[in-house]
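*Asks:* Let me give you the structure first, and then I'll get to my questions.
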Amino acid sequence: MAKIDFGGVVEEVVTSEEFTLEKAREVLKDEVIAVLGYGVQGPGQALNMRDNGVQVIVGQREGGASWDKAVADGFVPGETLFPLEEAARKATVIQYLLSDAGQVAMWPRIRECLSEGDALYFSHGFGVVYKDQTGIVPPENVDVILAAPKGSGTTVRTNFLDGSGINSSFAVFQDYTGRAKERTLALGIAIGSGYLFGTTFENEVYSDLTGERGVLMGCLAGVMEAQYNLLRKHGHTPSEAFNETVEELTQSLIRLVAQNGMDWMFANCSTTAQRGALDWAPKFRDAVVPVFDDLYESVRNGGETRRTLECNSAPDYREKLNAELKEIGDSEMWKAGAAVRALRPENRGK
Ligand SMILES: NC(=O)C1=CN([C@@H]2O[C@H](COP(=O)(O)OP(=O)(O)OC[C@H]3O[C@@H](n4cnc5c(N)ncnc54)[C@H](O)[C@@H]3O)[C@@H](O)[C@H]2O)C=CC1
Ligand SMILES: CC(=O)[C@](C)(O)C(=O)O
Ligand SMILES: [Mg+2]
Ligand SMILES: [Mg+2]
């Protein structure tokens, strides 16, 4: 563990310097790791572990697109790719990476596949924390652990291939074997995490549900749409409205924030922009505080969990989600965005 000062608060973190890949391989050498669910997180974590020399098998419902994706990625039916329960029974580490609603649906069957001393691994505290709604109560004779990448499974893979990594939080909910933390850290390194920081199952799920409904996805989409619509209402062209709302952010300014922080981005803009942004940031911040307060309360009291399970447990949940995503893609704003992206020099003529 390394002690790092985060703005005056010292935290203990783990990188592959403190917990080397060789050590992770040693810790995991006798484990059979099954990644259950080959949707978004599953592939990223399974492929990174395989590349890191860790033996991994995949469990997935047979016959669908995710099964085909696993086959295309080189997992072999009957050798490294199995139906869910068969994979779980073969494993000593069961990485429960079905959708959160899928975890609930499958729990009664997966629970029966667990053996004494297994590790039941999550990448989201959802199922365990909201047990009154999910029914996911692990048996007492297994380790219950978490490594939660703070990013899309797609970038868990692409960042790993680029020699970088997505940071992950880690937590131990139940330590039956006395080795739960070591198993967790080894798995966190094996899946290619940038650095690992400690959390609890409850803090992980409260922060993650808030972040994805807030700045990372929901709030971001909402404020972009609001500004685009404002500019269009006042007669600005789609090119002007989209460039001023999305393209400049993704192709220029957010990269400066990623490079060296918000003050760096501001300092690399005009003093006109700096003055205005410094004046208006507090106004926007204060305007959304009540919305964030409502959001966190709905996360904490289980309202967001209820909504998620009600919607995503329906047989046609995927079709309904895809229809709403199509509505976004078919909007003038995001059709304009497609045209703007195609005009990027690197995309022209493709
Ligand atoms: N998507 C992401 O990048 C991230 C996901 N997570 C967590 O990782 C876990 C997996 O998330 P995703 O990969 O996004 O899941 P997903 O929504 O892509 O689903 C994963 C797999 O579960 C299967 N599945 C869904 N419902 C099922 C059911 N009723 N029975 C059997 N299989 C079912 C799907 O076929 C799919 O292959 C979740 O706990 C999620 O919160 C954590 C960080 C980021
Ligand atoms: C990608 C990620 O971290 C999210 C937004 O929490 C998720 O996909 O659940
Ligand atoms: Mg997240
Ligand atoms: Mg999430």
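The values are calculated or read from the model by the stated rules, or taken from the named source; none is laboratory data. On a predicted model such as this, the values are computed, not experimentally measured, just so you know. Virtual Cβ from ideal backbone geometry, glycine too; neighbours counted across all protein chains shown.
*Asks:* For region 8-27, enumerate the residues that are surrounded by fewer than 16 Cβ atoms within 10 Å (Cβ to Cβ) and not aliphatic (A, V, I, L, M).
*Replies:* G8, E11, E12, E17, E18, T20, E22, K23, E26
*Asks:* Check E244, E212, E240 and return the single one that is touching a His at 6+ places or on another chain (Cβ under 8 Å) and surrounded by fewer than 18 Cβ atoms within 10 Å (Cβ to Cβ).
*Replies:* E244
*Asks:* Filter region 302-350 for residues that are outside any helix (DSSP H, G or I) and acidic (D, E); which is nearest to A105 (Cα to Cα)?
*Replies:* Restricting to residues being outside any helix (DSSP H, G or I) and acidic (D, E), the top hit is D316.
*Asks:* Please verify whether region 98-118 includes one or more residues that are modelled with pLDDT of 95 or more, among the aliphatic types (A, V, I, L, M), more than 13 Å from ligand 1 (Cβ to nearest atom) and under 23 Å from S16 (Cβ atoms).
*Replies:* Within region 98-118, none of the residues are modelled with pLDDT of 95 or more, among the aliphatic types (A, V, I, L, M), more than 13 Å from ligand 1 (Cβ to nearest atom) and under 23 Å from S16 (Cβ atoms).
*Asks:* For A336, which of the numbered conditions (1) more than 28 Å from V205 (Cα to Cα); (2) among the small types (G, A, S); (3) without any contact (Cβ under 8 Å) to a residue 24 or more places away in the chain fails to hold?
*Replies:* Among (1) more than 28 Å from V205 (Cα to Cα); (2) among the small types (G, A, S); (3) without any contact (Cβ under 8 Å) to a residue 24 or more places away in the chain, the lone unmet condition for A336 is (3).
*Asks:* Quick check on this structure: which one of V299, V257 is part of a helix (DSSP H, G or I) and either without any contact (Cβ under 8 Å) to a residue 12 or more places away in the chain or closer than 22 Å to Q227 by Cα (or both)?
*Replies:* Result of the check over V299, V257: V257.
*Asks:* Which of the residues spanning region 126-143 are crowded, with 21+ Cβ neighbours inside 10 Å, in contact (Cβ under 8 Å) with a residue 40 or more places away in the chain and away from ligand 4 (no atom under 16 Å from the Cβ)?
*Replies:* The answer is D143, and nothing else.
*Asks:* For R232, are the conditions met, namely being part of a helix (DSSP H, G or I) and exposed (fewer than 12 other Cβ atoms within 10 Å of the Cβ)?
*Replies:* Here the answer is no, as R232 does not meet what is asked.
*Asks:* For region 207-228, check the following and say yes or no: at least one residue is among the acidic types (D, E), closer than 22 Å to I136 by Cβ, within 16 Å of ligand 3 (Cβ to nearest atom) and touching a helix residue (DSSP H, G or I) at 6+ places or on another chain (Cβ under 9 Å).
*Replies:* Checked region 207-228: at least one residue is among the acidic types (D, E), closer than 22 Å to I136 by Cβ, within 16 Å of ligand 3 (Cβ to nearest atom) and touching a helix residue (DSSP H, G or I) at 6+ places or on another chain (Cβ under 9 Å).
*Asks:* From N203, N141, N167, which residue is more than 14 Å from the chain's Cα centre (by Cα) and within 13 Å of ligand 3 (Cβ to nearest atom)?
*Replies:* Testing whether each residue is more than 14 Å from the chain's Cα centre (by Cα) and within 13 Å of ligand 3 (Cβ to nearest atom) leaves just N203.
*Asks:* Now for a different question. Can you confirm whether region 157-165 contains a residue that is within 13 Å of ligand 2 (Cβ to nearest atom), touching a residue at least 12 places away in the same chain (Cβ under 8 Å), crowded, with 18+ Cβ neighbours inside 10 Å and assigned to a helix (DSSP H, G or I)?
*Replies:* There is at least one residue in region 157-165 that is within 13 Å of ligand 2 (Cβ to nearest atom), touching a residue at least 12 places away in the same chain (Cβ under 8 Å), crowded, with 18+ Cβ neighbours inside 10 Å and assigned to a helix (DSSP H, G or I).
*Asks:* Right, next: Looking at region 1-52, which of its residues are in contact with a helix residue (DSSP H, G or I) (Cβ under 6 Å, 6 or more places away or on another chain) and either within 16 Å of ligand 4 (Cβ to nearest atom) or of a type in the set (K, R) (or both)?
*Replies:* G39, V40, Q41, G44
*Asks:* Would you mind finding the one in D30, D5 that is surrounded by fewer than 19 Cβ atoms within 10 Å (Cβ to Cβ), free of Cβ contacts under 8 Å to residues at least 12 places away in the same chain and of a type outside the set (G, A, S)?
*Replies:* D5
*Asks:* From S152, S169, S123, which residue is surrounded by fewer than 16 Cβ atoms within 10 Å (Cβ to Cβ) and within 16 Å of ligand 2 (Cβ to nearest atom)?
*Replies:* S152 is the lone residue from the list that is surrounded by fewer than 16 Cβ atoms within 10 Å (Cβ to Cβ) and within 16 Å of ligand 2 (Cβ to nearest atom).
*Asks:* Given the conditions (1) touching a Ser or Thr at 6+ places or on another chain (Cβ under 8 Å); (2) of a type outside the set (D, E); (3) in a strand (DSSP E or B), which single one is not true for W107?
*Replies:* It fails just one condition, (3).
*Asks:* Which of the residues spanning region 126-149 are more than 16 Å from ligand 2 (Cβ to nearest atom), closer than 19 Å to T199 by Cα and among the aliphatic types (A, V, I, L, M)?
*Replies:* V144, I145
*Asks:* In addition: Could you say which residue among A147, A180 is buried (at least 24 other Cβ atoms within 10 Å of the Cβ) and touching a strand residue (DSSP E or B) at 6+ places or on another chain (Cβ under 7 Å)?
*Replies:* When all the criteria are applied, what remains is A147.
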